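Have a look at the structure below before the remarks.
Each value in this text was obtained by applying a stated rule to the coordinates, not by laboratory testing. A quick note: this is a predicted structure, and the numbers were derived from the prediction, not measured. No Cβ is skipped: glycine too gets one built from the backbone with ideal geometry, and neighbour counts run over all protein chains shown.
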Amino acid sequence: MAPTPSEVAAKAANVVASTSSSAKDFKKESTAARVLGAGCAGIAELMVFHPVDTTAKRLMSNYGKITSATQLNQVIFKDKAQASVSGRFLSLFPGLGYAAAYKILQRVYKYGGQPFVRDYLAQNHGGSFDRTFGKGNGKAIMHATAGSIIGIGEIIILPLDVLKIKRQTNPEAFRGRGLIAIIRDEGFGLYRGWGWTAARNAPGSFALFGGSAVAKEYFYKLSDYNAATWSQNFVASIAGATASLLVSAPLDVIKTRIQNRNFENPEGGFKIISNMLRHEGPTSFFKGLTPKLLMTGPKLVFSFWLAQTLIPAFNKVL
C-alpha cells in the first residue's frame, strides 16, 4: 500500500529534524540514577581531591606576592610548615566533615539537579531555544541555561561551603566552637557573600554545562548526549571545566576572601575589590588560577566526567 501524502510529509519532516540536534528532544533519566551517579561522583572527588582544594583555597586567600619556596610552604601548610611530610599532608584535610557534607550535597544538587531543569526547559521552552538559536545551538544553550539556573540555586548550601573554607584557610575563626554553637551565634551570617556566590555560579555553571554540550554537539555530532562514551564524556568535561574556571576566576577570588574572614570581622565584596585594586593590582583577581587549572581543573573534570558517565549507566541498570 502506497504511503499517503501526509505520511510522506511526516517522514520528510523527521529526516530534516534528524539532521541536527533539537532542544525539544531529550531522554529522561530516573531520579535514582541522577542521585546515585552524582553522589558517587561527589564521594570520589572528595577522596581524591580534598587536599588539592585546600591548597588552592589557601593560595587564593594569601595577601601579597609569594617570592620564595619557604613562603609558599608557609602559605600552603600554615603552622605545619615545619612538620614531617606526613604531618604536612594531613594538614591539608581540615574541615573534612564539612567538606564531605558540602561536596556530596553540592554534586548531587548540581549534577543531579541540572537534568531536572533541562527537562523542564525542553518540555516547555525547547521550541523557543530552537527558534532563537537554531537546532544544535538551541540544545547546547538550553543545557547551559539549565546549569546556570541550578548554579544560582546552589547558594542554599552556602553555609557548609563557608564552614569548609574557614576550616581550610582560617581555623582560628572557630576558637573551639562546635557546629551548633557557630550556627546559633552566626545565623544568617553564614550566608555572607551569597550574592557574589550567585554571581560566580551563574556564568561558571553556564560555561561548565554549555562547554560540555558544545563539545558533544559539534565535536562528536551527538544528538543524544547520554550516548557519549566515557572518552567522549572525558573530553567534553575538559571543555566545560576549563571554560567554567576561566569565566568564574575573578568572582571566585572575591567569594573566597569574603568567606574566609573571621566571623566578627566581615568585609564586603566591593571593599575587597577596592583593596585588591589598590594594593595588589588587577592581576590579583586571577590569583590561584594556574593552580586551579592544574589542580582544581582536574578535580572538576574528574567529578563532571564521572557524573556524566555514571548517570546514564545507572539509568540502564535501575
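In plain terms, the chain from Ser231 to Asp119 could stretch by 37.8 nm, reckoned as 0.36 nm per residue minus the Cα-Cα distance. Applied to the range 252-258, the Karplus parametrisation 6.51 cos²θ - 1.76 cosθ + 1.60 on θ = phi - 60° returns per-residue 3J(HN,Hα) values of 5, 5, 4, 4, 5, 5, 5 Hz, with x for Gly and Pro. The phi-based Karplus calculation (6.51 cos²θ - 1.76 cosθ + 1.60; θ = phi - 60°) puts the 3J(HN,Hα) values of the range 102-110 at 5, 5, 5, 4, 4, 5, 4, 5, 6 Hz, whole numbers, x for Gly and Pro. Highest mean packing comes first when the peptides 84-93, 53-62, 308-317 are listed by Cβ atoms within 10 Å, giving 53-62, 308-317, 84-93. The H on the amide N of Leu222, modeled in the peptide plane, is under 5 Å from the matching H of Glu217, each at least 5 residues off or on a different chain. Residues Lys27, Lys292, arranged from fewest to most other Cβ atoms within 10 angstrom of their Cβ, appear as Lys27, Lys292. Taking other C-beta atoms within 10 Å as the exposure proxy, Thr145, Thr67, Thr31 rank Thr67, Thr31, Thr145 from fewest upward. Listed by chain and number, the lysines whose C-alpha is less than 30 Å from the C-alpha of Lys255, apart from same-chain residues fewer than 8 away, are Lys57, Lys65, Lys78, Lys80, Lys103, Lys110, Lys164, Lys166, Lys271, Lys287, Lys292, Lys299.
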